[in-house]
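Structure, as structure tokens:
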Amino acid sequence: MWKNKTVSVVFPTYNEKDSIRAAIKDFFASGYVDEVVVVNNNAAAGTDDEVQATKARLVHESAQGYGHAIWKGLAEATGDILIIAEPDGTFSGHDVIKMLAYSDDVPVVFGTRTQREFVWEGANMGRFLKWGNWAVGKLVEFLFNTTILTDVGCSMRLYHRETYEKIAPYFSIGGSAFGPQMLLIVILNGIHFIEIPVNYKKRVGESSVTGSKIKAFFLGMSMIGMILRYRLKSWFGWRPPRGANPYAP
């Protein structure tokens, strides 16, 4: 709990069987997390057993994709403050405290993995991913005249419940590009946010997306296309239409 507000963490899982138990314990160890909701998104065999050996609550989502898993997890979470992260060993439960501190001032806190001092040895943040995320962040910052953005791909984020309930009806991307869509929905709704550096460690196992430069490249191109479309349309008064999120409040 943080200043009388309950805190929920949402972990989507697909290929994190070997790291998820430690991640759950690490985030609970922050001392501020009341609930961890793990969304099994057709995950590797044995993942449920790892989760059930902890205090986390396990739910299942059959529709494949990062976005679908997050839609489900956020809908299941009960906290006043909602934190999204990955249970692959890359993020640190210690950063929960940092994000909560900033949440006193803004309803949305985005993490960034581009600060050299916070990127651990062995982390998958070489020049290609670092500068690619930075460039796309600067594109958004320039086109939408936002506060500083340096990492549109960072999946550790915090939302006040009221903000989640405001943006959830506009969720429409069920795949890996859902993270940037959330960012754009926040911006287009005029919601205040800040980006802060978080620790980024070596992943346990290999990512199904950023483990391949080719997949990461095409994901980046789809993100850029979406950013340009949203900006162009918004100049004519367009706002994201109600999406396909069946779990929207």
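The values are calculated or read from the model by the stated rules, or taken from the named source; none is laboratory data. What you are looking at is a predicted structure, and each value in this text was computed from that prediction instead of being measured. A quick note on method: Cβ atoms are made from the backbone with ideal geometry, for glycine too, and the neighbour counts reach across all protein chains shown.
For this structure, a couple of remarks:
- Residue pairs whose Cβ atoms lie under 6 Å apart, sitting 6 or more positions apart in sequence or on different chains, and linking a residue in the range 31-46 that is in contact (Cβ under 8 Å) with a residue 24 or more places away in the chain to a partner that is of a type in the set (Val, Ile, Thr) and part of a loop (DSSP other than H, G, I, E, B), are ASP34/THR6.
- Summed over the range 61-100, the residues that are in a helix (DSSP H, G or I) and either touching a Phe, Trp or Tyr at 6+ places or on another chain (Cβ under 8 Å) or within 11 Å of VAL39 (Cβ to Cβ) (or both) give a count of 14.
- Taking (1) surrounded by 20 or more Cβ atoms within 10 Å (Cβ to Cβ); (2) touching a Leu at 6+ places or on another chain (Cβ under 8 Å) in turn, ALA85 satisfies each apart from (2).
- Residue match in the range 212-227 (condition: part of a loop (DSSP other than H, G, I, E, B) and at pLDDT below 70): yes
- Some residue of the range 109-125 being at pLDDT 95 or above and loosely packed, with under 14 Cβ neighbours inside 10 Å: no
- Note on the range 17-28: residues that are in contact with a helix residue (DSSP H, G or I) (Cβ under 7 Å, 6 or more places away or on another chain) and either surrounded by fewer than 21 Cβ atoms within 10 Å (Cβ to Cβ) or not in a helix (DSSP H, G or I) (or both) amount to 2.
- Members of the range 135-186 found to be in a helix (DSSP H, G or I) and in contact with a Leu (Cβ under 6 Å, 6 or more places away or on another chain), listed by number: GLY137, VAL140, GLU141, TYR164
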